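Enquirer: Mind having a look at this structure? Questions to follow.
Please treat every number below as a calculation from the coordinates, not as lab data. Computed from a predicted model, the values in this text were never measured in an experiment. Cβ placement follows ideal geometry from the backbone for every residue including glycine, while neighbour counts extend to all protein chains displayed.
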Amino acid sequence: MKTSEIRTRYLDFFAGKGHAVVKSDSLIPSGDPSLLFTGAGMNQFKDYFLGVKKDLRRACSSQKCLRTGDLDRVGQTPYHLSFFEMLGNFSFGDYFKKEAIEWAWEFLTKELKIAPEKLRVSVHKTDQEAYDIWRKHIEIREDFIKKLDDDTNFWPANAPKNGPNGPCGPCSEIFFDQGEGYQNAQHSLPWYQDQSGRFAEIWNLVFTQFDRQDGGSLKPLASKNIDTGSGLERVACILQGKQTNFEIDLFQPLIHAIRPYLKVSRSELGILYAIVDHGRAVTFAISDGAFPSNEGRGYVIRKLIRRSIWRAQTLGVQEPFLEKIVPAVIGVMGDAYPELKQSEKSISQTIRQEEERFLETLEKGLLALSKLIEKAKNDSNRVLFGEDVFLLYDTYGFPDELTRIIAAKEDLQIDQKSFDSLMAKQRQRAKEKSKISNSIFSIDEAKKEISHLPETKFLGYETLESEGNLLWFKESGEEALVVLDQTPFYPEGGGQVGDRGMVSGVNFEMAVLDTQKREKIIVHIGKIIKGTPQSKMKVKTKVDQTRRDAAKRNHTATHLLQAALRQILGTHVRQVGSLVNSEKLRFDFSHGKALTKEEIGKIEQMVNAVIVENREIQAKQLSFENAAKEGAIAFFGDKYGETVRVIDVPGFSKELCGGTHCKRTGDIGQLIITSESAIASGTRRIEALTGLGALDYLQHLRKQMKTAAELLKTAPDQLVERIEKMQNSAKQVEKENKSTGSKGARIDLEKLIQSARSVKDISFISGVFENSEMGELRKVCDTIKKRQLKRTVTALFGVADQKVGLVVSLGKDLENSRLNAGELVKEMSQICQGSGGGKKELAQGGGKNPERIEEAIRRAVDLIQEGLN
């Protein structure tokens, strides 16, 4: 049975049992900042399990999931995957154990026709109710049921003893016996102790029936829930009679697409499987809007791509290859997940660029590693220092696993303890850096309190002033929250910020500073100016019109901008983020390279041509199906109901959008693109202004040009010619100064040395120089070093175009001390919002915040003092 048929049969089966079939959520969880990726079918139903939402009693889904906790086991075991689909059926205070067990058994034995004697079952050791259902109702053999402990049959694992507090409950797992002929089957052991993989877990039923409290007590929940999960690939594996997930129909086309580039032997299939898994995972993740970067989700995607590349390196592959898997993934899974087809070009470009970038990094890393290897070979211990391995990892992104493989070939050891210590410190720094700063009073704390309220009627498309009834109110400190039965205030969404304005009643006034939406309820957030609100109080609402109108112009312009980008750059362009407020618009989109001046000019001209034409903008309600047929685009992992709102600029743009918009394109006034930049691999950002903001910007530029012309004693229209003459003169001066090595600001060496400060018995020389290049800074450091000044540390900064360059050097008599130029550069560069590293005696780095140079110098003084203790 094909995998796609199993998926369809599952959803149809539970739809027949009264379950709502819910579309898979994005891999980027919507409205849940606590998760990097969707890792289980229940994630999108969290509010139902918590009782916040109550419009569903039963649901089922096939959820795409991404987990990275066991990456090293992918390809090494039959079933581990980073990306997989989880089949799940859920009950929110509706049916419980009997129905969940009964339907799981019916689906497996009747729908999929699995022989009952092939199935085994485990239950929690205290769950006699589940045991009796299996034994007496399902009539499974007694020796086919086993009671197990908290570590395997409780969710979360070991929760009664270790926590966390909150909803939890026992589990019942279903296993499939793959037969006595299964590879490495442990025949002398009972089935529940066989670790060979012969007994494959294919279903997990979680009975959420307790609230775990302090001390480990389990209080029964008033509303009991069912959360089940069944790995689609694993079920397909056993039905198709395969030994591993990678042999099923979903994976074979992927393997055929990529195997010619890898040329693996049979003993190396695990490497091939891991690469195929990672390639499939990043294809889905990039499609959902996660692009490679150095933090958060982006770091996970970068890590998966880089793991694939270095694994291929161990096979001798030196060229980009991973993008070849993208068409195969889409061919196999594009019908179930049509968003893949829409973003194919963007996915391929992103993977290709990331591959090329990392291959360059690997080349530099290999060169650095070869020098370290030669050094280690000359050492009697034949050991690579942990600091060096970490430097390769931290500076070059060179995988420590690859370093170990190469070192082993050279019969060298690695100081693993030192490396692990440095990695642990880095992880701790990253953890502290990534902590989310929550305000004392968060709107989400009120989420459950307002769940019983009716849907807020939004009036903001038609009016900016109205009356309403106050339904709910909460105040904490200076912040207040108000919910009304109806409101013209637009809640933040689709990139557009929430409205501001006033809510007032009898002896009551509140300044609304933000508007948010929680499910179908609009929450006004602000400060009480006068009085105290009362339940059922009649109030008047008034939106700040100036701010709303400016936001409307920017939002409508964003639609025109996206349409122009797709026409000029290609339909692979897709929105991955946006910000629309009253000051400007920001639009993030998928594209593989920087836009040229000509492309930016064409985009700007195309948008402004539509603005000048003053086309009428139509907003209409359509079914999602009809909107799709009309060609309306929907991006960025948004969730849509059966009825959607379509914003149509006839003949130019058609998008699904719930935001506020202009009546005609002419209302925008004009659009000026102020910047275009990269924000991640394969992702670009455009910032632009409209209306009066654009006019202010142009007037500012005109004033600047006039001032510049006056300073240069020329007319504004002759400014370019005057600057060209000045550049030619500067080039001549540079040519004349070339013999001195001075390319930037003149550095007075004697004055610099005399400015040294004493840090205990160290002479610390520091200086900041405008327009000085790194080469010049290194030459100055070398000159100081050649003078053989006693116990001298030199740190020189060069500043140009708001960027910082940094070189640190130790005097020769300090090279055996505890001081380290590489550590100094790294710390100082981080303060300047950059990075760096190098050798003990000489290192360099830089950053992008010159304003923090003095702070970096103070940190260097502290580090030098610490190095002497």
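Enquirer: Which entry in [x] 50, 42, 28; [y] 38, 36, 30; [z] 54, 41, 27 matches semi-axes √(5λ) of the Cα gyration tensor in Å derived from the coordinates of this structure?
Expert: [x]
Enquirer: Output the Cα-based Rg and Dmax of region 745-867 in Å, rounding Rg to one decimal and Dmax to a whole number.
Expert: For region 745-867, the Cα-based Rg and Dmax read 12.8, 37 Å.
Enquirer: With r as the distance between the Cβ atoms of LYS17 and HIS187 and R0 = 60 Å, compute the FRET efficiency 1/(1 + (r/R0)^6) and round to 0.05.
Expert: Once the sixth-power term is evaluated, E becomes 0.95.
Enquirer: Let me ask something additional. Count charges around HIS524 for me, please; just the other residues with Cβ under 10 Å from its Cβ, Lys/Arg as +1, Asp/Glu as -1. Numbers along the way, then the final one.
Expert: On the way: positive: ARG500; negative: ASP499, ASP514.
Residues near HIS524 contribute -1 overall.
Enquirer: Give the percent of DSSP beta bridges with both residues in region 548-698 that are antiparallel, rounded to the nearest 5.
Expert: Just about 95 percent of them are antiparallel.
Enquirer: Here's something else I'd like to know. Under 21 Å Cα-Cα from LYS425, which lysines qualify once same-chain neighbours fewer than 8 residues away are excluded?
Expert: Within the straight-line limit of under 21 Å, LYS425 reaches these lysines: LYS303, LYS417, LYS433, LYS435, LYS826, LYS839, LYS840.
Enquirer: Relative contact order for region 293-405: what percent, with Cα pairs under 8 Å and sequence separation of 6 or more?
Expert: Relative contact order, region 293-405: 25 percent.
Enquirer: Let me ask something additional. Treat each spin label as a single point 7 Å out from the Cα along the C-beta direction, and report the ALA708 to GLN252 distance in nm.
Expert: The answer from the label model is 6.4 nm.
Enquirer: Subtracting the Cα-Cα distance from 0.36 nm times the residue separation, let me have the gained length for SER817 to LEU366 in nm, one decimal.
Expert: 159.5 nm
Enquirer: Local charge sum around GLY88 (other residues, Cβ-Cβ under 14 Å, Lys/Arg +1, Asp/Glu -1)?
Expert: +4
Enquirer: For region 3-243, calculate the relative contact order in percent as a whole number, restricting contacts to Cα pairs under 8 Å that are 6 or more residues apart. Please list the in-between numbers first.
Expert: Working: 440 pairs, mean separation 46.0, N = 241.
So the answer I get is 19 percent.
Enquirer: Here is a follow-up. Within region 1-81, list the trypsin sites (Lys or Arg not before Pro) lying in a DSSP loop whose Cβ has at most 13 other Cβ atoms in a 10 Å radius. Don't jump to the answer; show the numbers that get you there.
Expert: On the way: sites: LYS2, ARG7, ARG9, LYS17, LYS23, LYS46, LYS53, LYS54, ARG57, ARG58, LYS64, ARG67, ARG73; in loops: LYS2, LYS17, LYS23, LYS53, LYS54, ARG57, ARG67.
Here the trypsin sites (Lys or Arg not before Pro) that fit, given the DSSP loop and packing criteria, are LYS2, LYS23, LYS54.
Enquirer: I would also like to ask the following. Can you list which of the GluC sites (Glu not before Pro) found in region 348-421 are DSSP loop residues with at most 12 other C-beta atoms within 10 Å?
Expert: Answer by residue number: there is no such site.
Enquirer: Given 5 Å bins starting at zero, what is the percent of C-alpha pairs of region 253-434 in each, up to the one with the largest pair distance?
Expert: Calculated P(r), rounded to whole percents: 1, 8, 15, 17, 17, 15, 12, 8, 4, 2, 1, 0, 0.
Enquirer: Run the simple label-point estimate for GLU106 and GLU449 please: 7 Å along Cα→C-beta, distance reported in nm.
Expert: 4.3 nm
Enquirer: A 26 angstrom limit on the alpha carbon distance is what I want to check against. Which of LYS54/LYS517; LYS629/LYS663; LYS341/LYS597; LYS64/LYS584 exceed it?
Expert: Going by Cα-Cα distance, LYS341/LYS597; LYS64/LYS584 fall outside the 26 Å limit.
Enquirer: For THR3, what charge total do you get from the other residues with a beta carbon under 9 Å from its beta carbon, if Lys and Arg give +1 and Asp and Glu give -1?
Expert: Result for the local shell: -2.
Enquirer: Moving to a separate point now. Calculate log10 I(q)/I(0) of region 443-543 for q = 0.24 Å⁻¹, where I(q) comes from the Debye formula with a single equal point scatterer on each Cα and nothing for solvent.
Expert: Debye curve over Cα of region 443-543, log10 I(q)/I(0) at q = 0.24 Å⁻¹: -1.44.
Enquirer: Under 15 Å between alpha carbons, and skipping anything fewer than 8 positions from LYS725 in its own chain: which aspartates and glutamates qualify?
Expert: Answer for LYS725, where 15 Å is the Cα cut-off: ASP717, GLU734, listed by chain and number.
Enquirer: Once you place label points 7 Å from the Cα toward the Cβ at LEU701 and SER677, how far apart are they in nm?
Expert: Placing both labels 7 Å beyond Cα along the Cβ direction yields 1.8 nm.
Enquirer: A follow-up question, please. Taking only the alpha-carbon atoms of region 548-698, what semi-axes of the equivalent ellipsoid follow from 5 times the gyration tensor eigenvalues under a square root, in whole Å, largest first? Numbers along the way, then the final one.
Expert: Values: eigenvalues 102, 72, 38 Å².
So the three semi-axes of region 548-698 are 23, 19, 14 Å.
Enquirer: Would you mind checking the pairs LYS536/LYS654; LYS540/LYS620; LYS2/LYS147; LYS785/LYS848; LYS527/LYS552 and listing those with alpha carbons more than 30 angstrom apart?
Expert: Check vs 30 Å cut-off fails for LYS536/LYS654; LYS2/LYS147.
Enquirer: Right, next: How long is the gain from GLN788 to ASN469 if the chain were fully straight, where each residue apart is worth 0.36 nm and the alpha carbon distance is subtracted?
Expert: 106.7 nm
Enquirer: At a threshold of 8 angstrom on Cα-Cα distance, excluding pairs fewer than six apart, so keeping six or more, what relative contact order does the chain reach in percent?
Expert: 6 percent
Enquirer: Can you tell me what share of the DSSP beta bridges in the chain is antiparallel? A percent to the nearest 5 is fine.
Expert: 85 percent
Enquirer: List the lysines whose alpha-carbon lies under 22 Å from that of LYS263, not counting same-chain residues fewer than 8 positions away?
Expert: Candidates past the 8-residue exclusion: LYS324, LYS409.
Enquirer: Just for region 1-113, what percent of DSSP beta bridges are antiparallel, to the closest 5?
Expert: If we restrict to bridges inside region 1-113, about 80 percent are antiparallel.
Enquirer: I would also like to ask the following. What do the square roots of 5 times the Cα gyration tensor eigenvalues come to for region 742-811, in whole Å, largest first, as semi-axes of the equivalent ellipsoid?
Expert: Sorted largest first and rounded, they come to 21, 12, 10 Å.
Enquirer: Quick one: if the Förster radius is 56 Å, what FRET efficiency do ALA408 and GLU99 give, using the C-beta to C-beta distance and rounding to 0.05?
Expert: 0.55
Enquirer: Moving to a separate point now. Given region 45-187 reduced to its alpha-carbon atoms as identical point scatterers, what log10 I(q)/I(0) does the Debye formula return at q = 0.17, 0.22 Å⁻¹?
Expert: -1.34, -1.56
Enquirer: Rounded, prolate or oblate, given the Cα gyration tensor of region 3-243, with a/c below 1.5 counting as rounded?
Expert: Verdict is rounded for region 3-243.
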